[in-house]
Amino acid sequence: MTTLVISESSDEAPSALSLEVDENGQLFVVENAADDPPVPVRLRQCFPWSEPHRHLSLRDASDREIALVDDPAELDDSSRAAVERALGIAGFVLEVTRVVEIDEEVEIRQWLVETASGSRSFQTHLDEWPRVLPGGELLIRDVAGDLYKLGAPQTLDRKTRDLLWAFVDL
Amino acid sequence: MDQEIITRYIGQPARLPRELRARIEHACSGNSIQLYALADLDHTLRLGESWLALTAAHVALARRDDGGEWRVRAIDRAQIRALQETPGLSAHTLSLLGEPGDPPLLVVRYTHRQRGAFENIRFVLDEAVNGRSVIDDLGASRRAAEPPSSRAAEQPSTRAPDAADRVYAAAVARPIRDAQALVAGGGRQSSVIFRLLRYLLPYRRELALGLAAAAVITLLSLAPPYIAGFLIDRVVRPAQDGALARGTAAHMAWIAIAGMAALYLVRQLAAHIRLRYMAVLGEYVARDLRAELYEHIQRLSLSFFSRKKTGSLITRVTADTDRLWEFIAFGVVDVSLSLVMLVGLGGVLLTLDWRLGLIMTLPVPLLCWLIYWHGESLNTSFIRAWRKWSRVTDVLSDTIPGIRVVKAFNQEQREIERFGERNEDVTEQFNEVHRKWTTFWPLLMLAVHTTTVLVWAMAVPRLLGHGAALSAGVFVSFLLYTTMFVAPIEVIGQMARTINRATSSAHRVFEVLDSEPEVRDVAEPVRLEPVQGRVSFDNVTFAYDGVRQILRGITFDVVPGELIGLVGPSGGGKSTVVNLIARFYDPTGGAVRIDGADLRHVDTGHYREQIGMVLQDPYLFHGTVLENISYAMPQAASGAVIAAAKAANAHDFICKLAQGYDTVVGERGHTLSGGERQRISIARAVLHDPRILILDEATSSVDTETERQIQEALDRLIAGRTVFAIAHRLSTLRRASRLFVIEKGRLAESGTHQQLLAVDGGIYRRLYELQLQLV
């Protein structure tokens, strides 16, 4: 697998990609010419669930793709580290470690969970069911659009599994 | 209400803490905070609490330091050169950028939940960076969007902070408010039930009769077992023992039997009265709710319909009111009388024989709890079954409408297998539900029968003369009373569920009734008789959410009879302009004037009678062609309808329909092509004879020949009226008196076709040339 750099002119040969990241997690593409300032880019995962660490689209401020990284392993060490740091932010979802309570109210379901980032309560539509991801993990989307990822059912504690029984096939 | 939602559901501050607000304002040279948002992720992506606040001259970020103390950092807004929002799956990053090459001035991270509040700040800062100020309009926008009562209650000194609180709360609570049926007063179950019961007040007489009849049924139900005991102890046994003369015994027995017959007769009469009155009463209440609901829905503004799904509103008027009928007709009485019956039975049993009475009554709370527990457990299984059922319907709703794609890609077998697997799965789940209840109820009845056996076991020795005396008659009465225990226990066990279901429906109904129309007439509105057709926009701004402006200071003056073409890129604000002309919304800044009168002071109903609309996707109601054309003028003469249809180039194809103008069209009716439906909608507008006509992409979705026919019809329709026409095909607007180019909410260019083509680098010229290249 190669790292493809898409440049404005399709006739131009793909070139090596050099990336850096600042302390705030902002990713930059460093152009070949030394005088060119680094171009800030945002990272989008093409397959956030099935192949989260591969096929990464780098997009400029106008949301135009300027590079597609098929496999970060092919990047140099510092670029790869920069991608991994940016990936940590772009691919961040709240990782649920324990479900504490699930209550049903009029037209919404109220969840109280513990996440790796702290405790959180959120709401889902009554007809919104957890989605089973390719790796067997579960993904829940709340009414605001936030995503909550749970480990595969067998990795969860007994109470969480009991609470989830109605919502997923355990 | 938004602050209540945040406190109750979200678990984050419902507003910026007062003390922190004061500190931020102090750090910002004493300027009031205009907007703020909570950043709920820190730099390590842990959940936390930082606040970004905006004042007239500063942006401030408040974060806690390691000791938990708030640290406020304010930066001058003049330093901001650009803003950059980087969206992630759940974490968004907003960076305020200074000079190119310099590190960001501020960086904050937050989840989707906070995005609305940050969008507001970003919008205002973006506008400022681009040399446009919106904060003054923003204050006006928010005030215009608020109900008059809250505006009147505001004190000048507190207006700005309160407005910032409201904008923040509205942005954070909005997803929940849109998802849930929320009602006034916090929606406590008891208050919702009492509010529902108030609908019974107009039917006090029927309610009193129904309740009295139900009370009679309950009381009379207690009599037959007592009579049975009396007959055995006072008539049968004395007669058998020779203590009572056979003739006297027979006489007494017949009186008792006749009394029992009379009791049953009266009981069934009372049952008839109860069922009749309560069923009818429930129907009246459901009718009243439906009527009030539908009338209210008709008065609500378009913004409400954009928040709620059509299917959900239809369900509220139909299924929810039906469920409330069931609750009022039977639930209210069943629950209250079951309580009375259970207490009464317990009292009677304990009075008859306290020892046996205790055996029967002590398990009752446990039995009620078991039924409740079973209901909850079954509910969980039903949720699981419902989820699996939705997987089945997903396949159906995917593949039936998409059957051509399935066949084109030869995927029939795969879809059959997908459906089969899910069908098996849901069947298994429903069978599990059946296993649960078919196990539970026999076991419950076994428990009831066990208590009966216990009663026998305790009673038999006493009947045979051991222990405390017990007569055969009392025992028979007792046994008969015990058979009456099961039904009220069952009702009470399911009481929570019955009330929950009714409350849910009541919530959905009351939510609609509690929604206020955003467009309302003033106390003494002006009637424009007739509308001349002069339309003026005076520095009009508009924001659907009160903050992000879709229109930004649009000013124009259109004289009666002008044909105005509205052109420009999608999302620029063209449809919003015509929505304001039709007064579907009120502007948040400036004024829309019709014949010089501010549209907010005009009688809306009377005004709308004089405007007409032809939309891109014309809607035909279920009914005949005649009814559809004469929708706004049901009394129109047939000749006028035909004339309108001819003007709309529709008469010819209507006559070719088998039933002519009497052909039923619309949903479930005769299928018409897009062009035919469009011409019927034009005929509707012709007949309506509006002074102001709005054409919203009226010819965009038809073929060239149909477009020619529609264009011909439109040319006849627009004569002598003020017309606003939105069109992407610029060639259709060549005859326009003037063209308004709307881009990014502003009137970017205006003039005739030729004038605008002459503008070097003009937007219209660019759009026109692009379209020529595509031809």
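Within region B:472-494, restricting attention to residues that are touching a Phe, Trp or Tyr at 6+ places or on another chain (Cβ under 8 Å) and assigned to a helix (DSSP H, G or I), which residue is surrounded by the most Cβ atoms within 10 Å (Cβ to Cβ)? It would help to see each step written out before you state the result.
Applying the first criterion (touching a Phe, Trp or Tyr at 6+ places or on another chain (Cβ under 8 Å)) to region B:472-494 yields B:473, B:477, B:493-494.
Filter once more, keeping what is assigned to a helix (DSSP H, G or I): B:473, B:477, B:493.
Working: B:Gly473: 21, B:Ser477: 26, B:Gly493: 20.
My answer is B:Ser477.
Go through region B:274-295 and give me each residue that's closer than 30 Å to B:Ile176 by Cα and either crowded, with 17+ Cβ neighbours inside 10 Å or acidic (Asp, Glu) (or both).
Answer for region B:274-295, where residues must be closer than 30 Å to B:Ile176 by Cα and either crowded, with 17+ Cβ neighbours inside 10 Å or acidic (Asp, Glu) (or both): B:Val285, B:Ala286, B:Asp288, B:Leu289, B:Arg290, B:Glu292, B:Leu293, B:Glu295.
State whether the residues of region B:433-445 include one that is touching a Phe, Trp or Tyr at 6+ places or on another chain (Cβ under 9 Å), part of a helix (DSSP H, G or I) and of a type outside the set (A, V, I, L, M, F, W, C). Full working, then the answer.
To start, the set of residues in region B:433-445 that are touching a Phe, Trp or Tyr at 6+ places or on another chain (Cβ under 9 Å) comprises B:433.
Within this subset, residues satisfying the condition of being part of a helix (DSSP H, G or I) are B:433.
Pick out the ones that are also of a type outside the set (A, V, I, L, M, F, W, C) and you get none.
No: zero hits.
Residues that are within 14 Å of chain A (Cβ to nearest Cβ) and farther than 30 Å from B:Leu231 by Cα: does region B:436-452 have at least one?
First, the residues of region B:436-452 that are within 14 Å of chain A (Cβ to nearest Cβ): B:436.
In the following step, the residues that additionally are farther than 30 Å from B:Leu231 by Cα were identified as B:436.
Yes, the conditions are met somewhere in region B:436-452.
Based on what the data block shows, is B:Thr438 of a type in the set (S, T, N, Q) and closer than 16 Å to B:Asp353 by Cβ? Walk me through it before giving the result.
Values: of a type in the set (S, T, N, Q): yes; closer than 16 Å to B:Asp353 by Cβ: no.
No.
Among the candidates B:Ala164, B:Ala144, which residue alone is crowded, with 19+ Cβ neighbours inside 10 Å, at pLDDT 80 or above and more than 14 Å from chain A (Cβ to nearest Cβ)? Before you say what the answer is, go through the steps one by one.
Values: B:Ala144 fails: at pLDDT 80 or above.
Sole residue among the options that is crowded, with 19+ Cβ neighbours inside 10 Å, at pLDDT 80 or above and more than 14 Å from chain A (Cβ to nearest Cβ): B:Ala164.
Give the residues of region B:627-648 that are over 15 Å from B:Gly612 (Cα atoms) and assigned to a helix (DSSP H, G or I), sorted by residue number.
B:Glu627, B:Ser638, B:Gly639, B:Ala640, B:Val641, B:Ile642, B:Ala643, B:Ala645, B:Lys646, B:Ala647
Okay, residues lined up against (1) assigned by TED's automatic domain parsing to the domain that holds B:Arg508; (2) modelled with pLDDT of 90 or more; (3) within 26 Å of B:Lys308 (Cβ to Cβ):
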site	(1), (2), (3)
B:Val172	no, yes, yes
B:Ile176	no, no, yes
B:Ser191	yes, no, yes
B:Arg198	yes, no, yes
B:Leu211	yes, no, no
B:Leu222	yes, no, no
B:Met252	yes, yes, no
B:Leu265	yes, yes, no
B:Gln268	yes, yes, no
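Examine region B:228-235 for a residue that is surrounded by fewer than 15 Cβ atoms within 10 Å (Cβ to Cβ) and either among the basic types (Lys, Arg) or assigned to a helix (DSSP H, G or I) (or both), and state whether such a residue exists.
At the first step, the residues of region B:228-235 found to be surrounded by fewer than 15 Cβ atoms within 10 Å (Cβ to Cβ) are none.
So far as region B:228-235 goes, no, none of its residues is surrounded by fewer than 15 Cβ atoms within 10 Å (Cβ to Cβ) and either among the basic types (Lys, Arg) or assigned to a helix (DSSP H, G or I) (or both).
If A:Arg161 satisfies all but one of (1) buried (at least 18 other Cβ atoms within 10 Å of the Cβ); (2) under 18 Å from B:Ile383 (Cα atoms), what's the number of the condition it fails?
(1)
Residue by residue, here is whether (1) crowded, with 17+ Cβ neighbours inside 10 Å; (2) closer than 20 Å to B:Leu89 by Cα; (3) in contact (Cβ under 8 Å) with a residue 40 or more places away in the chain; (4) within 11 Å of chain B (Cβ to nearest Cβ) holds:
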| site | (1), (2), (3), (4) |
| --- | --- |
| A:Asn24 | no, yes, no, yes |
| A:Leu27 | yes, yes, yes, yes |
| A:Arg42 | yes, yes, yes, yes |
| A:Arg64 | no, yes, no, no |
| A:Ala67 | yes, yes, yes, no |
| A:Leu75 | yes, no, yes, no |
| A:Ala82 | yes, yes, yes, no |
| A:Ile89 | yes, yes, yes, yes |
| A:Val93 | yes, yes, yes, yes |
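Taking region B:624-641, which residues are in contact (Cβ under 8 Å) with a residue 12 or more places away in the chain and either crowded, with 16+ Cβ neighbours inside 10 Å or closer than 23 Å to B:Pro530 by Cβ (or both)?
Result: B:Thr624, B:Val625, B:Leu626, B:Asn628, B:Ile629, B:Ser630, B:Tyr631, B:Ala632, B:Met633, B:Ala636, B:Ala640, B:Val641.
Which condition breaks for A:Val168 when tested against (1) touching a residue at least 24 places away in the same chain (Cβ under 8 Å); (2) within 9 Å of chain B (Cβ to nearest Cβ); (3) in contact with a Lys or Arg (Cβ under 8 Å, 6 or more places away or on another chain)?
Condition not satisfied by A:Val168: (3).
Please find, within region B:25-56, the residue that is surrounded by the fewest Cβ atoms within 10 Å (Cβ to Cβ) out of those that are polar (S, T, N, Q) and either closer than 28 Å to A:Ala86 by Cα or in contact with a Lys or Arg (Cβ under 7 Å, 6 or more places away or on another chain) (or both). Before the answer, list the steps.
Within region B:25-56, the subset polar (S, T, N, Q) is B:29, B:31-32, B:34, B:44, B:50, B:55.
Restricting the remaining residues to those that are either closer than 28 Å to A:Ala86 by Cα or in contact with a Lys or Arg (Cβ under 7 Å, 6 or more places away or on another chain) (or both) gives B:44, B:50.
On the way: B:Thr44: 9, B:Ser50: 20.
Applying the filter and picking the extreme gives B:Thr44.
Going through region B:40-94 one residue at a time, which ones are in contact (Cβ under 8 Å) with a residue 40 or more places away in the chain, facing another protein chain (nearest Cβ under 10 Å) and in contact with a Phe, Trp or Tyr (Cβ under 6 Å, 6 or more places away or on another chain)?
Those that are in contact (Cβ under 8 Å) with a residue 40 or more places away in the chain, facing another protein chain (nearest Cβ under 10 Å) and in contact with a Phe, Trp or Tyr (Cβ under 6 Å, 6 or more places away or on another chain): B:Asp40, B:Leu41, B:Leu45, B:Ala91.
May I ask you to verify whether B:Val625 is modelled with pLDDT of 90 or more, out of contact with any Lys or Arg (no Cβ under 6 Å at 6 or more places or on another chain), at negative phi and assigned by TED's automatic domain parsing to the domain that holds B:Arg746?
no
Residues of region B:577-608 being free of Cβ contacts under 8 Å to residues at least 60 places away in the same chain and either touching a Phe, Trp or Tyr at 6+ places or on another chain (Cβ under 8 Å) or outside any helix (DSSP H, G or I) (or both), which ones?
B:Leu580, B:Gly590, B:Ala591, B:Val592, B:Arg593, B:Asp598, B:Leu599
Does region B:489-496 include one or more residues that are closer than 17 Å to B:Leu349 by Cα and within 41 Å of the chain's Cα centre (by Cα)? Talk me through it step by step, then tell me what you get.
Within region B:489-496, the subset closer than 17 Å to B:Leu349 by Cα is B:489.
Those left that are additionally within 41 Å of the chain's Cα centre (by Cα): B:489.
Within region B:489-496, one or more residues are closer than 17 Å to B:Leu349 by Cα and within 41 Å of the chain's Cα centre (by Cα).
The values are calculated or read from the model by the stated rules, or taken from the named source; none is laboratory data. Everything numeric here is computed off the predicted structure, so don't read it as measured data. For neighbour counting, all protein chains shown are included, and Cβ atoms are generated from backbone atoms with ideal geometry for every residue, glycine included.
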